[in-house]
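One structure is given below, encoded as structure tokens.
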Amino acid sequence: MRLNLILYIILFLFAIATVNSEHQYRNNYSRLDIEKKTTLELRDEKTKLEVEESDKSGNLRIQTIALEKLKMYVPNKKEVKVIK
Amino acid sequence: MINTRKKQTEFFELSKLRRRFVLIMLLSLFLVLFSRAIYLQGMEKDFLQKEAENRSDRTVKLHAYRGKIIDRNNNVFAVSTPIQVITANPSIFKASVKKRKKLARLLSLSRKDLERRVQKKKKEVFLNRELSPEKAAQVMALKIPGVISNKKYKRFYPAKEVAAHLVGFTGIDGYGLEGIELHSNELLAGNPGYKKILKTRSGRIVDDLQDVKIPRDGQDIQLSIDKRLQYTAYRALEKAVEKHAAISGSAILLDAKTGEILAMTNYPSYNPNTKGKSIDFIRNRVVTDIFEPGSTIKPISVSAALESKSIKPHNIIDTSAGYYKVGRSLVRDTHNHGKISVTEVIQKSSNIGAIIIGENVKPKYLWNTLNNFGIGKKTGVRFPGEVRGKLKHYKNWRKTDHASATFGYGMSTSLIQLAYSYTVFANQGNIKGVSILKTKGPTPGRRVISRKTSDAMLSMLESVVKDGTAEHAKVNGYRVAGKTGTSKKLGPDGKYEDKYIGSFVGIAPVSNPKFVIAVMIDTPSIESYYGGPVAGPVFSKLMTEALKIYSIPQDNFIEADELKREGKPDSII
């Protein structure tokens, strides 16, 4: 009788532990899924920034700024100094 | 006493009745439950299991991210960016006038158009197929019932027209249709996957039941192209085509040591980001279009003569009269050059000189040399639509075919083939394989001619730029070698028309060749149609930029004649 009672208690404890571990697993899996989604969102953000960088460093934009805003030009021969 | 016993008997009799009633009730209840359980487990098992799976289990497609196309310095040429597709279910769409106004503005639709769409008797209508994630978030913040936002990826090409022919574009299904997008589609696309998951009622994924197929993201493709040079080439071509009112222009820049393509462009071009691309501008003419190369072939035929030892560079060729009869055809030079050396044949681009030199070379030898230079063969770049060109086999040559092969007629090449063939002169007689992908340092070449012949040819080609037909191709501070070409175009009836293709292929710096550039201008009609004045300036501009960007030491910092003309620099430190 006593042995049966002990076995019942052990069975009950294992059942509780199983339910708990399944719950923990699902919770962790859900968090992992959220992290994966965050990774994708960060990748999209990185892509967006790369495109923006590419746009800002566009040759035409740089050329326009150099010529019009910074008044840059190719030096003529008389302005060239030769370093030996 | 008797009375008490009677009461007890009545109580037990009543209790027995109650007990039976309760027992019957419990048994009935158990029977109901048991029969229900049998019904659910036995009769409706499959249906109920399917319904449960439908509610909790989902097979989801796992998107494979398409790889980027980047240049040799990691600048983006093509990238997949997220966009939102906004749809609405008209049957449950409900919004106030104020929200409708705001929604229409965010979707870039007129109120009338929005109303027309949401009044359709359909389950789903598209409101905007390409909305930015920021605007889509604003749309969803309106919390209008029936409005749904789904994320998708769209290919974006930041370089627009400048690299359109090179990079190509994808179709609606994301499959590469042109250029590198097609060339490397399998690598770029990757493989989508599928996964079976368990969801809660709120939509939270709580378990991964089965990986049906693991997804594989596409790889990034790093091209050998340098974005800065690509841009310079495009702008220089644009200027030349506009200036000479030409149909089109093409240019290719090769790294002479590695065979890498640093720039490859055409003008006019198209914007790959927009819909409705004109079919006329989609071809990458550098690899898909063939033309008779004309005089740019002369260095190859003269190389064959030098290799076969039938002539020497200082030999004198008599081109007097200015015309020469080959079979029934009459070949002319632009001027009567008289008696000239082999070097001058190249320098002055004499057709008669080339024929006389070529006559001493056996057809088989000349054909083999042309073939070894890559004429009539694909370069191996494996670019979509690359053509082989045409070079008739020497066994089928008539006398005129042999003669015309010496000055670049009766055959056809693509511009990439021409640039490829000139890597021989830039590498002391070795031809370098062409690559559109970035390589790791110099690649082994294949010997085509001896170093002695190659050096002699490079010297002759230098004289073309220095004192010959290509003064427009000069680059300040550097020694340049090259050859102009001006060939007549064949009309649809197979006869030559009064339309020309002006081309130039050059190498710099001559002291240690680093770059090979080939330029072709199709049908220039204003100012000039000769290869020197129309294609030479494009070469000069592009080569100047390439030498500057890659910090190539100058052959002569300032040439002597420039010093005389403009005075010495202010100071020498």
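Throughout, read-outs are computed from the coordinates displayed, never taken from laboratory work. Just so it is clear, the model here is predicted, and its values are computed rather than measured. Note that each Cβ is placed from the backbone with ideal geometry, even for glycine, and that neighbours are counted across all protein chains shown.
Think of it as helices only: each DSSP H run of n ≥ 4 in chain B is worth -39500 (n - 2.57), and spread over all residues that comes to -11000 deg cm²/dmol at 222 nm.
Remark: the Cα gyration tensor places the range B:92-133 in the oblate category, a/c being 1.5 or greater and a/b not exceeding b/c. Using the Cβ of B:Leu27 as centre and a radius below 13 Å, the other residues enclosed give a net charge of +2, where K and R count +1 and D and E count -1. Across peptide A:57-63, the mean count of Cβ atoms from other chains lying within 10 Å of each residue's own Cβ comes to 4. For a modelled paramagnetic label at B:Arg58, 7 Å from Cα along Cα-to-Cβ, the residues of the range A:20-36 in reach, with backbone nitrogen under 18 Å, are A:26-36. Computed from the C-beta positions of B:Lys548 and B:Lys466, the FRET efficiency with R₀ = 22 Å rounds to 0.55. Other residues within the sphere of radius under 11 Å centred on the Cβ of B:Ser329, judged by their own Cβ, net out at +4 (K and R +1, D and E -1).
Relative to the longest principal Cα axis of chain A, at what angle does helix A:2-56 sit, 0 to 90 degrees, rounded to 10? With rounding to tens, the tilt is 10 degrees.
Return the subset of B:Lys392/B:Lys440; A:Lys77/B:Lys548; A:Lys46/B:Lys151; A:Lys56/B:Lys101 for which the Cα-Cα distance in this structure is over 27 Å, preserving the input order.
B:Lys392/B:Lys440; A:Lys56/B:Lys101
How much FRET efficiency would the formula 1/(1 + (r/R0)^6) give for B:Leu48 and B:Lys99, where r is the Cβ-Cβ distance and R0 is 41 Å, rounded to 0.05? About 0.50, to the nearest 0.05. Near B:Gln219: Cβ cut-off under 12 Å, other residues only, Lys/Arg at +1 and Asp/Glu at -1. The net charge is 0.
Percent of Cα pairs in the protein assembly as shown per distance bin of 20 Å, from zero to the largest separation: 15, 35, 23, 15, 7, 4, 2, 1, 0. Straight Cα distances below 20 angstrom link B:Lys325 to the lysines B:Lys298, B:Lys339, B:Lys348, B:Lys362, B:Lys399, B:Lys488, B:Lys495, with same-chain residues fewer than 8 positions distant left out.
Distance between the modelled labels on B:Leu490 and B:Lys143, one decimal in nanometres: 7.3 nm (7 Å Cα→Cβ projection). Put simply, the amide H of B:Val147, placed in the peptide plane, has neighbours under 5 Å in B:Asn89, leaving out anything fewer than 5 places away on its chain. Which of rounded, prolate or oblate describes the range B:122-217 when judged by the alpha-carbon gyration tensor and an a/c cut-off of 1.5? Oblate shape, in that a/c is at least 1.5 and b/c is the bigger or equal ratio.
Averaged over B:156-162, how many beta carbons belonging to a partner chain fall within 10 Å of each residue's beta carbon?
Mean inter-chain Cβ contacts per residue within 10 Å come to 3.
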